[in-house]
1. How many residues are surrounded by 13 or more Cβ atoms within 10 Å (Cβ to Cβ), assigned to a loop (DSSP other than H, G, I, E, B) and modelled with pLDDT of 90 or more if we restrict to the range 168-207?
2. Regarding residue 95, is this residue more than 20 Å from the chain's Cα centre (by Cα) and modelled with pLDDT under 85?
3. For the range 340-350, give me the residue count where each residue is surrounded by fewer than 21 Cβ atoms within 10 Å (Cβ to Cβ) and either part of a strand (DSSP E or B) or at pLDDT 90 or above (or both).
4. Can you name every residue in the range 103-141 that is buried (at least 16 other Cβ atoms within 10 Å of the Cβ) and more than 24 Å from the chain's Cα centre (by Cα)?
5. Does the range 232-250 hold any residues that are in a strand (DSSP E or B) and over 20 Å from the mean Cα position of the chain (by Cα), and which are they?
6. Can you tell me which of (1) farther than 22 Å from residue 107 by Cβ; (2) surrounded by 15 or more Cβ atoms within 10 Å (Cβ to Cβ); (3) touching a strand residue (DSSP E or B) at 6+ places or on another chain (Cβ under 7 Å) is the one residue 291 doesn't meet?
7. Please tell me if residue 242 is in contact with a helix residue (DSSP H, G or I) (Cβ under 8 Å, 6 or more places away or on another chain) and either in contact (Cβ under 8 Å) with a residue 40 or more places away in the chain or surrounded by fewer than 18 Cβ atoms within 10 Å (Cβ to Cβ) (or both).
8. Within the range 121-138, identify whether any single residue is outside any loop (DSSP other than H, G, I, E, B), touching a strand residue (DSSP E or B) at 6+ places or on another chain (Cβ under 9 Å) and modelled with pLDDT under 90, and answer yes or no.
């Protein structure tokens, strides 16, 4: 077996283990919280049955909020003082259906900020804005060509904040190394990094039911990661200073595939979404001249929400990403939030 194929297979194995762990947590969460009750109101959920899809425009817009407060006074093993965690989200959708034409648009934004007795100010720990637009032309009920465009970024600047001045060693893109000692280091400006995606190809939906909707897309995809100047922690622990690496812009184009499954169980108040995507960039600007196999970008996401009541739910999210041209390490993010939601607009209920 060729070395680059072995590298790709090893990468897939590591991502599979991470995703499997996350999905196990999702399954346990839904099993523990599922209960018989009236169907809740879900924010931004699409109608899954073909016959129920409204013709013309339809849209939805909802907001969510989360809050956590912990106060410690003379507690052994805990920092003295009060900790806050504040979070918020916006979920929006605008769809258009007309005969064989389907046009779906989504807007997702999540952010959370924490204040602890150690850091006496609110510091960002999550901030992600996603916009996606997909057009499908249905040759029949389950297959047809598609076009997709999306963007991902952070709304606010990202900073490393510490209680005392910390030493940082920054490896610049030109090969130089800078040293800095500070209690506040900006690692990314607002709206940075900015990831842009475009793809065209064939989309298949072999299963379209309320409990499960399966989607497969294959075609040609392109990606532009505007990340020049962004700093990423890559600390090997070899020095007392924190080591960071400066990123550069990445451009890729090649074969792309996506597979996803989503659905909901109204009686159990559970909805879920799982997806995986891969881009093998035959065209790229990699300065190390690595092969398309070695540069293959693989991403996996999962989300399950259990509605406790119509306006409150428990949400678990998982993101696993291998993006070798930007970062050698696999990125993994888990989050569990108790959220309070309110639907501002839902044309499907009018």
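The values are calculated or read from the model by the stated rules, or taken from the named source; none is laboratory data. Model, not experiment: these values are computed from the prediction. As a convention, Cβ positions derive from the backbone with ideal geometry for all residues, glycine included, and neighbour counts pool all protein chains shown.
1. Counting residues in the range 168-207 that are surrounded by 13 or more Cβ atoms within 10 Å (Cβ to Cβ), assigned to a loop (DSSP other than H, G, I, E, B) and modelled with pLDDT of 90 or more gives 5.
2. Numbers: more than 20 Å from the chain's Cα centre (by Cα): yes; modelled with pLDDT under 85: no.
Answer is no for this residue.
3. Taking the range 340-350 as the starting set, the residues that turn out to be surrounded by fewer than 21 Cβ atoms within 10 Å (Cβ to Cβ) are 340, 342-350.
Restricting the remaining residues to those that are either part of a strand (DSSP E or B) or at pLDDT 90 or above (or both) gives 340, 342-346.
So the answer is 6.
4. 116, 138 - these are the residues of the range 103-141 that are buried (at least 16 other Cβ atoms within 10 Å of the Cβ) and more than 24 Å from the chain's Cα centre (by Cα).
5. Filtering the range 232-250 for residues in a strand (DSSP E or B) gives 232-233, 242-246, 250.
Passing the criteria: 242, 243, 244, 245, 246.
6. All conditions are met except number (3).
7. On the way: in contact with a helix residue (DSSP H, G or I) (Cβ under 8 Å, 6 or more places away or on another chain): no; either in contact (Cβ under 8 Å) with a residue 40 or more places away in the chain or surrounded by fewer than 18 Cβ atoms within 10 Å (Cβ to Cβ) (or both): yes.
No: the conditions fail for residue 242.
8. Quick first cut of the range 121-138, residues outside any loop (DSSP other than H, G, I, E, B) only: 123-137.
Checking the rest, the ones that are also touching a strand residue (DSSP E or B) at 6+ places or on another chain (Cβ under 9 Å) come to 123-137.
Next cut, modelled with pLDDT under 90 only: 125-126.
Yes, because at least one residue in the range 121-138 is outside any loop (DSSP other than H, G, I, E, B), touching a strand residue (DSSP E or B) at 6+ places or on another chain (Cβ under 9 Å) and modelled with pLDDT under 90.
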